[in-house]
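Comments concern the structure below.
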Amino acid sequence: MSSTWGNNIKLSLFGESHGGAIGINIDGLPSGISLNLEEIKIEMKRRAPGQDKTATSRKEKDEFEILSGYFNDKTTGTPLSIMIRNTNTQSKDYDKTKDFARPGHADFTGRKRYLGNNDYRGGGHFSGRLTAPIVFAGAIAKQILSSEGVIVGSHIKSIGEIEDNSFDPTKVSPRLLEFLKVKKLPTIDDNKSVEMEKTILRAKEEGDSVGGVIELAVINPMAGLGSPFFDSVESHLSHMIFSIPGVKGIEFGKGFDITKMRGSKANDEMYMEGEEVKTYTNNNGGILGGISSGMPIIFRVALKPTASIAKSQRTIDMFKNKDAKIEIVGRHDPCIVVRAVPVLEAATAIVILDLLMEMKKYDGFKRA
Ligand SMILES: Cc1cc2nc3c(=O)[nH]c(=O)nc-3n(C[C@H](O)[C@H](O)[C@H](O)COP(=O)(O)O)c2cc1C
Ligand SMILES: C=C(O[C@@H]1CC(C(=O)O)=C[C@@H](OP(=O)(O)O)[C@H]1O)C(=O)O
């Protein structure tokens, strides 16, 4: 089953972009947790479409209805289920091009996988719209993590050729993450968000799209999350992050650039700060041997330029097996990076919570 995930928190995602509703079933949550529903709504609004000219013009409020698992303002511990109705579909946009595979989208592979039975409207189950319920689950994970002192945040590292500064990998402050969270295009350097917006709007005017990179930080993570070999923090995060539509790459710490360093520079030398173990640098992104070291977990995620663009493109007619041309009409994000920011934070929070719950299973024993 491809739409279920998790070991301790088990997620089951359902719906299609142009069906009645999308939603998620979250199993394994601890009981007795009071959720801050207003905070969840803020996270949903950060992602919702149709709010800005850098985004798709499809307008969805992404209001969620809790169906189960929440009683007397607390989680019951049994499956928490929510539904988000699709209210602003425009399926006729997909009539004209339904026989043609959109280059870069999942029309061709979806047709092969589901033998032509997939709902192609709005990308169906492949749509970025399915990230709304992930943001809901992530908002809960963020609240549980924050009660343990762990905070997840991010900024846009680049869009096209425009580059923001990087996080200081040894210390990312909660204040910086709060400041980024309320920004429309969250960059550390304010001037860069202006340039990024111009880059997106220029591509849109030209009937084109742009991609970019998001840098994420998990701050105050406890040391000891994850296990070698197949349950490393990197492999869990990568599994979840690559489930997000449009993701093309991930790198931890210095990432590919660590190959250009010598060991003497790449190694993160250690010191004691009171009772805590710290490192002077954080080239390994807070993970060693697949296990969190207690330093910030830092990684970057590459997102491709949106597939559905207005420019004429060469493709195939999937029914006639013939070459064809496609001109896509409809409402698309000229850049998915901006709206993917809260999605990737949510995805990260879910993974860290799942790993933390795993750790709590063995944490009762005396530790070195
Ligand atoms: C928040 C979000 C919004 C997206 N919006 C669009 C869009 O408007 N048009 C589009 O073609 N792709 C969009 N995508 C990306 C496609 O869903 C994705 O490229 C497609 O499902 C194929 O998957 P892949 O790129 O991972 O191979 C979006 C993705 C996300 C995460
Ligand atoms: C609706 C959302 O984004 C959609 C993601 C998407 C895709 O192909 O991924 C295609 C577009 O769908 P439609 O053609 O129905 O407007 C976007 O608008 C959302 O993210 O909530």
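Bear in mind that the values in this text are calculations on the coordinates, not laboratory data. Since this is a predicted model, take the numbers as computed values, not measurements. Please note: Cβ atoms are built from the backbone with ideal geometry, for glycine as well, and neighbour counts cover all protein chains shown.
Net charge near LEU344: determine it from the other residues with C-beta under 11 Å of the C-beta of LEU344, scoring Lys and Arg +1 and Asp and Glu -1.
+1
So what are the ³J(HN,Hα) numbers for segment 271-283, from phi and the Karplus equation (6.51, -1.76, 1.60; θ = phi - 60°), rounded to whole Hz, Gly and Pro as x?
So the Karplus estimates, Gly and Pro as x, are 7, 9, 10, x, 8, 9, 8, 10, 10, 6, 10, 9, 5 Hz.
Would you calculate the separation in nanometres between label points at ASP189 and LYS260, each defined as 7 Å from the Cα along the Cα-to-beta-carbon direction?
Once both label points are built, they end up 1.7 nm from each other.
Enumerate the amide H contacts of ALA324 below 5 Å, restricted to partners 5 or more residues apart or on another chain; note that Pro and chain-start residues carry no placed amide H.
Under 5 Å from the amide H of ALA324 lie the amide H atoms of THR315, ILE316, ASP317, each far enough along the sequence or on another chain.
May I ask you to sort SER232, SER264 by Cβ crowding, counting other Cβ atoms within 10 Å and putting the fewest first?
Neighbour counts put them in this order, fewest first: SER264, SER232.
What are the ³J(HN,Hα) values, in whole Hz, obtained from phi via the Karplus relation 6.51 cos²θ - 1.76 cosθ + 1.60 with θ = phi - 60°, for each residue of segment 72-85 in sequence order, with x given for Gly and Pro?
6, 6, 9, 5, 8, x, 8, x, 9, 10, 10, 9, 10, 6
Segment 291-368: which GluC sites (Glu not before Pro) are DSSP loop and have at most 16 other beta-carbon atoms within 10 angstrom?
When the GluC sites (Glu not before Pro) of segment 291-368 are filtered for loop state and at most 16 Cβ neighbours within 10 Å, GLU327 remain.
As a footprinting exposure proxy, order VAL213, VAL301, VAL341 by other Cβ within 10 Å, with the fewest listed first.
VAL213, VAL341, VAL301
Sorted by packing (mean other beta-carbon atoms within 10 Å per residue), highest first, where do 236-242, 131-137, 168-174 land?
Top to bottom by mean Cβ count within 10 Å: 131-137, 236-242, 168-174.
Could you derive backbone 3J(HN,Hα) for segment 213-219 from the dihedral phi with the Karplus parameters 6.51, -1.76 and 1.60 (θ = phi - 60°), listing whole Hz in sequence and x where the residue is Gly or Pro?
Calculated HN-Hα couplings, in order: 10, 10, 9, 10, 9, 10, 9 Hz.
Based solely on its DSSP helices, what 222 nm [θ] is calculated for the chain when runs of n ≥ 4 H residues each add -39,500 (n - 2.57) and the sum is averaged over all residues, nearest 500 deg cm²/dmol?
Roughly -8000 deg cm²/dmol at 222 nm, from the helical runs in the chain.
I want the local charge near MET270. Using Cβ-Cβ distances under 13 Å, sum +1 for each Lys or Arg and -1 for each Asp or Glu among the other residues.
Combined, the nearby Lys, Arg, Asp and Glu give -3.
With springs only between Cα atoms under 10 Å, which of ARG202, ARG102, ARG121 fluctuates most in a Gaussian network model of the chain?
Top of the fluctuation ranking is ARG202.
Between GLY211 and residues 5 or more places away or on another chain, which pairs have amide H atoms under 5 Å apart, with H built 1.01 Å from N, and which residues are they?
Long-range HN contacts for GLY211: GLY160.
Using Cα springs under 10 Å in a Gaussian network model of the chain, which residue among PRO186, PRO103, PRO334 shows the largest mean-square fluctuation?
Top of the fluctuation ranking is PRO103.
Could you please report the charge total around GLU163, scoring K, R as +1 and D, E as -1 over all other residues with beta-carbon less than 12 angstrom from its beta-carbon?
Neighbourhood net charge equals -2.
Setting aside same-chain residues fewer than 8 positions from LYS74, which lysines have a Cα under 25 Å from its Cα?
LYS10, LYS41, LYS45, LYS61, LYS142, LYS360, LYS361
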